[in-house]
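The values are calculated or read from the model by the stated rules, or taken from the named source; none is laboratory data. Nothing here was measured: the structure is a model prediction, and the numbers come from that model. Note that we place each Cβ from the backbone using ideal geometry, even for glycine, and neighbour counts take in every protein chain shown. Remember, those area values only see protein heavy atoms, side chains included, never the ligands or the DNA or RNA. Shrake-Rupley method; radii C 1.70, N 1.55, O 1.52, S 1.80 Å.
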Amino acid sequence: MDTEVLTIQPVDNTNRDAVIGLTVAAEQSRFIETNAESLREMEVDVKYAWQCYALCLDERPVGFMMIGAENKIDRYVWLDRFMMDAREQGKGLGACFLQLALIFIQDRFDVDDIVLSLHAANEPAKRFYQRGGFVDSGRIDEWNGEAIWVYHVKQGQPS
């Protein structure tokens, strides 16, 4: 992976079909919407200003994320969808892209927290996000019943 370039690119006409073609492993499919569903949500649910991005390895989409629903009063934004294609899992790419995504989000949003929700039965995702710096907030998302996990942007910075 030393010579490969990881980038985050907006989903557009040049990469849309490739992004739609990405899928999680079969056992993960009950925990996350398809990328096509996320792209439709971005177009229809405009009040949350969702933005969809391709996670690219050498310009080739290998993952996807959706960011939005910024709350300027409580100073947080949602990392609502984050996935790696099943064929790319287990290579360490997800962890690298998650760290890149956290920087990407902080560069674009003036927030204290980045939040996401996880299904109670999704133990691998809990371990993945915990390794990435997220913590279980103890709160439940009223919309989908999932646990809300938080990445505190200021963590580790001198106060």
| 1 or more residues of a type in the set (S, T, N, Q): qualifying strands (runs of 3 or more DSSP E) within region 16-90 | 51-57, 60-71
| request: Among the candidates Val77, Val62, single out the residue that is more than 23 Å from Asn13 (Cα to Cα), open to solvent by less than 10 Å² (accessible area, probe 1.4 Å) and aliphatic (A, V, I, L, M). | output: Val77
| field | Candidate set: region 22-44, residues that are over 17 Å from the mean Cα position of the chain (by Cα) and over 18 Å from Ile67 (Cα atoms); chosen: the one most open to solvent (accessible area, probe 1.4 Å) | value | Glu27
| query | So which residues in region 113-131 are of a type in the set (Gly, Ala, Ser) and surrounded by 17 or more Cβ atoms within 10 Å (Cβ to Cβ)? | reply | Ser117, Ala125
| field | For Ile103: the one exception among (1) part of a helix (DSSP H, G or I); (2) of a type outside the set (Ser, Thr, Tyr); (3) closer than 21 Å to Tyr151 by Cβ; (4) touching a residue at least 12 places away in the same chain (Cβ under 8 Å) | value | (4)
